[in-house]
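Asks: Shown below is the structure under consideration.
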Amino acid sequence: MSDAPAHGPAAPAMPDDTLISVRGLKKYFPIHAGWNRRHVGDVKAIDGVTLDIKKGETFGLVGESGSGKSTVARLMLRAYPVTDGQILFRRADNSIVDISHMRESELRAMRREMQMIFQDPYSSLNPRMTLLELIGEPLVIHGVGTQAEIRDRVAELLSVVGLRPEYLQRYPHAFSGGQRQRIGIARALALNPSFIAADEAVSALDVSVAAQNINLLQDLQEKFGLTYLFITHDLGMVEHISDRIGVMYLGRLVETAPTDDIFTKPLHPYTEALMAAVPQPDPKGNRARKRVPLKGEIANAANPPSGCTFHPRCPYAEAKCSTDEPELRMVTPNRQVRCHFAEKLDLIGVRQ
Amino acid sequence: MANTSLLENRLIELDNVQVHFPMREGVVKAVNGVSYHVNRGEVLGVVGESGSGKSITARSIMRLLPRNAREAGGTIRFSPRPEEQIELSALGRNSRAIRKVRGNHIGMIFQEPMTALSPVHTIGTQITRTIQLHMQMDRAAARKRAAELLAKVHMPRPEQLLDAYPHQLSGGMRQRAMIALAISCNPALLIADEPTTALDVTTEAQILTLLKELQSELGMAIVFITHNFGVVADIADRVSVMYLGRIVETATVDDIFYAPKHPYTRALLRSIPRLGVDQGRRLPTIPGMVPDPFSVPQGCPFNPRCEHARRGLCDVDMPEAHSFANGQISRCHFAEDFLKEAVNV
């Protein structure tokens, strides 16, 4: 590859089955204060996230609000500039590029291959554009096809997401929340991306509609070989759709594991607490479980606690936790955890 | 006042409440004949998808309907004390009588505390004024009670946080402040409209625990409105399921979850992804979507989406409410059939 050295001394490498690899990703938002707007500190929104997503898999990212899960997705698509770290992406021609510090002009071509679906189907669609304009916009921007071709492609995309092709000339207001979400999905699919980040894509929808759209996302994944980064705070949903899961707390991954393993036996106390907090549609089970809610709230990212950032809320914390910062370490070949006592603790999952 | 009296343990009873919205395109029957009751000290969960009318029903109890709403009928009777009975449906939205009920006998909490609390007054001022107004206390006593209330909802440093403005608090803390405000005058009924929907699961668990604790301590009843079946299973004693302005099923929480007798309840329960349960690759869904309010289907409103619907019956006749011996009520022509069937949802 002749153009690869532009981004570093050697062509970046990653395993053959990996589509996107994030290494040591950091995003600091500066805090300015005083009359001359002096730089007095940073909000460490993302502080060293490393994760690999394999081709064709769904990687679920969970955590409380403020944990940085959306910021990770936005950085991976380079919607924000990256403070530090690498984002390696395998392009359609199998070349590997580091997009973390790419220039806008180069990124443009990349954006064909990575797309995003947003949470709010009301604010993410321009109300003054018809479906043809909305879904055709990425095609126009990337100069794909003539007007007639774009029209055909949009009609095809509409039927792919289960909307009638006749709706081309309608405006978003004529559609329900679930249908608008499908319009957003069609728009994301327009340029045949290989990677889609879905940020709380079904969180705003009603139960029955959410289920329909989740099934649609899974069908599309099968049909087009898509790779998803699926961000949600709904653990039931993430368990259903994901192959692997990453749990975030205060800008860092605290645990990554295959879905089955993490729900059977979590290794990080935060993962356990998160699972225990979910009220189940099972009144007898809830009464039997006697949940003890996690104390306190997520810490301030501008002033994180010393040592393990979870220690003030952790029921298992010991003296070491408030002084020594745990590393994210491999516990078994496919599981990583950021806890000093992962092997010692016997944590309870939600599956038997 | 009311010509028939409520049962001793009845706190509130809604009978055939109807709220319509006249629009250019036609009349939206947002609440179309809703009847439910809440006993003293009981938690009634009201579940339904958006647009089912669950919030509008609750607002009609408080007489806080939007101005373009038309009340087309029904009675709401409320009995704050066994010897006292008020017909809320006869009160005007700004009448002296309803203002005595609001805050005093019925408290309300909302999904987004930031819009419910005043942004320009401190938490303390808002709670203190409410107490002064309803409980005839002087300012110092009211402030002392406000601090006690903040302690009761487990706010850290209650004395200091009295002087905090809502924007200085986190989402969970704001919700606690709103709960403190709502319970400030020991209401007999608390209406909670999606109070945990905007919160993280960990904070949601804290708020649910707090509400259960307050409920048993103060003996108040709660009408808990939500679309989340997990939350309802956790907090409710009885549950009403709403669809398109009607209650389709009411039962004890166990019967709703383990022996539902309406196809809509059954379908909804099946379509939730459950934690720790492998449901196969595809989630079962309800076909179609909630019809738009101008074209509510003939007969049973759920019939076009229902797997049990029978042509000639369900799309013609509106089913009557069918009562079972255990108190369960289902609005379905085939409610009896679900009795024999072993339910596996």
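Asks: Just to confirm the number: angle between the C-alpha axis of helix A:147-160 and the first principal axis of chain A, 0 to 90 degrees, nearest 10?
Replies: 50
Asks: Order B:189-196, A:342-349 from most to least packed using the mean count of other Cβ atoms within 10 Å.
Replies: Numbers: B:189-196: 24.0, A:342-349: 13.6.
Listed from highest to lowest mean packing, they are B:189-196, A:342-349.
Asks: Please list, or write none, the lysines whose alpha carbon is within less than 21 Å of the alpha carbon of residue B:29, excluding same-chain residues fewer than 8 places away.
Replies: Correct list for residue B:29: B:54.
Asks: What nm distance separates the two modelled labels at residue B:278 and residue B:50, each placed 7 Å from Cα along Cα→Cβ?
Replies: Roughly 3.4 nm, to one decimal.
Asks: Excluding same-chain residues fewer than 8 positions from residue A:26, which lysines have a Cα within less than 19 Å of its Cα?
Replies: Correct list for residue A:26: A:44, A:69.
Asks: When the helices in chain B are scored as -39500 (n - 2.57) per DSSP H run of 4 or longer and the sum is shared across all residues, what 222 nm value do you end up with, to the nearest 500 deg cm²/dmol? All intermediate terms of the calculation are to be shown ahead of the outcome.
Replies: Numbers: 12 runs with 105 residues, N = 345.
Per the formula, -8500 deg cm²/dmol.
Asks: Starting with the fewest neighbours, write out A:250, B:133 ranked by other beta-carbon atoms found within 10 Å of each beta-carbon.
Replies: Working: A:250 23, B:133 16.
Going from least to most buried by this count: B:133, A:250.
Asks: Averaged across the residues of A:234-245, what count of C-beta atoms belonging to other chains lies within 10 Å of each residue's C-beta? Spell out each step's value before the answer.
Replies: Working: counts 6, 4, 8, 4, 2, 7, 11, 3, 0, 0, 0, 0.
Average per residue, whole number: 4.
Asks: Right, here's the next one. Please give the average number of partner chain Cβ atoms lying within 10 Å of the Cβ of each residue in A:173-186, rounded to a whole number.
Replies: Across the residues of A:173-186, the mean count of other-chain Cβ atoms within 10 Å is 1.
Asks: I would also like to ask the following. Taking the Cα centre of chain B as origin, work out the dipole magnitude from +1 charges on Lys and Arg Cβ and -1 charges on Asp and Glu Cβ, in debye rounded to 20.
Replies: Details: 39 positive and 35 negative charges, 191 e Å.
Here the size comes out at about 920 debye.
Asks: From the residues A:322, A:305, A:262, which one has its Cα farthest along the dipole of the range A:260-352 in the positive direction, the dipole being from +1 and -1 charges on Cβ of Lys/Arg and Asp/Glu about the Cα centre?
Replies: Projecting each Cα onto the dipole axis, the largest value belongs to A:262.
Asks: Can you tell me which of A:165-173, B:247-255, B:210-218 comes out highest on packing, and rank the rest after it, using the mean Cβ neighbours within 10 Å?
Replies: B:247-255, B:210-218, A:165-173
Asks: Quick check: Cα centre of the range A:11-41 to Cα centre of the range B:62-103, how many Å?
Replies: First find each Cα centre; the distance between them is then 56 Å.
Asks: Give the angle, between 0 and 90 degrees and rounded to the nearest 10, that separates the Cα long axis of helix A:131-141 from the longest principal axis of the Cα atoms of chain A.
Replies: Helix A:131-141 sits at roughly 90 degrees to that axis.
Asks: Could you tell me what percent of the DSSP beta bridges with both partners in the protein assembly as shown are antiparallel, to the nearest 5?
Replies: Within the protein assembly as shown, antiparallel bridges account for around 65 percent of the total.
Asks: Taking each residue of B:279-285 in turn, how many C-beta atoms of other protein chains fall within 10 Å of its C-beta, and what is the average?
Replies: Mean shielding count: 6.
Asks: Taking R0 as 51 Å, what's the FRET efficiency between residue A:306 and residue B:68 from their Cβ-Cβ distance, rounded to 0.05?
Replies: The computed FRET efficiency comes out at 0.35.
Asks: Something else now. Mind checking which aspartates and glutamates have their Cα closer than 14 Å to the Cα of residue A:295? Skip sequence neighbours fewer than 8 apart in that chain.
Replies: List returned: A:64, A:272, B:200, B:204.
Asks: Follow-up question, since we're still on this one. Counting helices only, and only those DSSP H runs with n ≥ 4, report the 222 nm mean residue ellipticity of chain A as the sum of -39,500 (n - 2.57) divided by its residues, in deg cm²/dmol to the nearest 500.
Replies: Theoretical 222 nm ellipticity from helices: -8500 deg cm²/dmol.
Asks: State, as an integer percentage, the relative contact order of the range A:260-352 based on alpha-carbon contacts under 8 Å between residues 6 or more apart.
Replies: 41
Asks: Still on this structure: Anything over 27 Å Cα to Cα? Flag those among A:265/B:152; A:265/A:320; A:265/B:261; A:265/B:212; A:320/B:152, in the order listed.
Replies: Correct reply: A:265/B:152; A:265/B:261; A:265/B:212; A:320/B:152.
Asks: Where both residues lie in chain A, what percent of DSSP beta bridges are antiparallel, nearest 5?
Replies: 65
Asks: Further question: ³J(HN,Hα) across the range A:105-121 via Karplus (A = 6.51, B = -1.76, C = 1.60, θ = phi - 60°), whole Hz, x for Gly/Pro?
Replies: Working through the residues one at a time gives 4, 7, 4, 3, 5, 5, 5, 5, 9, 10, 9, 9, 10, 9, 6, 8, x Hz.
Asks: On a full-extension model of 0.36 nm per residue, what is the gain between residue A:13 and residue A:192, subtracting their alpha-carbon distance, rounded to one decimal in nm?
Replies: Gain on extension, residue A:13 to residue A:192, equals 62.0 nm.
Asks: Can you give the charge dipole size of the protein assembly as shown about its Cα centre, rounded to the nearest 20 debye, using +1 on the beta carbon of Lys and Arg and -1 on the beta carbon of Asp and Glu?
Replies: Approximately 1540 debye in magnitude.
Asks: Would you work out if the range A:260-352 is rounded, prolate or oblate? Take a ≥ b ≥ c from the square roots of the eigenvalues of the alpha-carbon gyration tensor; rounded if a/c is under 1.5, else prolate when a/b is larger than b/c, oblate otherwise.
Replies: oblate
Asks: Based on the Cβ-Cβ distance from residue A:39 to residue A:106, what FRET efficiency comes out when R0 is 35 Å, to the nearest 0.05?
Replies: 0.75
Asks: Go ahead and run the numbers for FRET between residue A:28 and residue B:294, Cβ-Cβ distance against an R0 of 51 Å, rounding to 0.05.
Replies: Once rounded, the FRET efficiency stands at 0.50.
None of the figures in this text is laboratory data; all of them are computed from the coordinates on show. Given the structure is predicted, the values throughout are model-derived calculations rather than measurements. As a convention, Cβ positions derive from the backbone with ideal geometry for all residues, glycine included, and neighbour counts pool all protein chains shown.
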